[in-house]
Amino acid sequence: MTVETKDIERIVETTAIGFRLTIPDEGVSMVVEHLAVAYRMAPLVMDFPLCDEQEPAPVFTP
């Protein structure tokens, strides 16, 4: 899935309004950058093959 920077900027702007967050202008580019990385990483996680028998761990511990 390819997401354009303009789309990510719109997502950040709309989400900030929805959550009543104030993101300083200099911070918006950082948020957009991090979200872009998350979008690129998502297929690595979502496409990882799992067997039908595998289930999530009930408790996560370090």
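Could you grab me the full set of residues in the stretch 33-62 that are assigned to a loop (DSSP other than H, G, I, E, B) and small (Gly, Ala, Ser)? Of everything in the stretch 33-62, just one residue is assigned to a loop (DSSP other than H, G, I, E, B) and small (Gly, Ala, Ser), namely 57.
For the stretch 31-51, a tally of residues being more than 12 Å from residue 5 (Cα to Cα) and hydrophobic (A, V, I, L, M, F, W, C) returns 9. Please go through the stretch 25-58 and give me each residue that is of a type outside the set (A, V, I, L, M, F, W, C) and surrounded by 10 or more Cβ atoms within 10 Å (Cβ to Cβ), ordered by number. Residues satisfying the conditions are 27, 29, 33, 34, 39, 40, 43. Looking at the stretch 1-19, which of the residues that are assigned to a helix (DSSP H, G or I), in contact (Cβ under 8 Å) with a residue 24 or more places away in the chain and of a type in the set (A, V, I, L, M, F, W, C) is surrounded by the most Cβ atoms within 10 Å (Cβ to Cβ)? Filtering first and then ranking leaves 8. Considering the conditions (1) in contact with a Phe, Trp or Tyr (Cβ under 7 Å, 6 or more places away or on another chain); (2) of a type in the set (A, V, I, L, M); (3) without any contact (Cβ under 8 Å) to a residue 24 or more places away in the chain, residue 30 is excluded by exactly one of them, (1).
Of all the criteria given as (1) part of a loop (DSSP other than H, G, I, E, B); (2) surrounded by 10 or more Cβ atoms within 10 Å (Cβ to Cβ); (3) hydroxyl-bearing (Ser, Thr, Tyr), the one not satisfied by residue 22 is (2).
A short reminder: the numbers here are calculations on the coordinates, not readings from a lab. What you see is a predicted model, and the numbers here were worked out from it, not measured in a lab. Backbone-built Cβ (ideal geometry, glycine too); neighbour counts: all protein chains shown.
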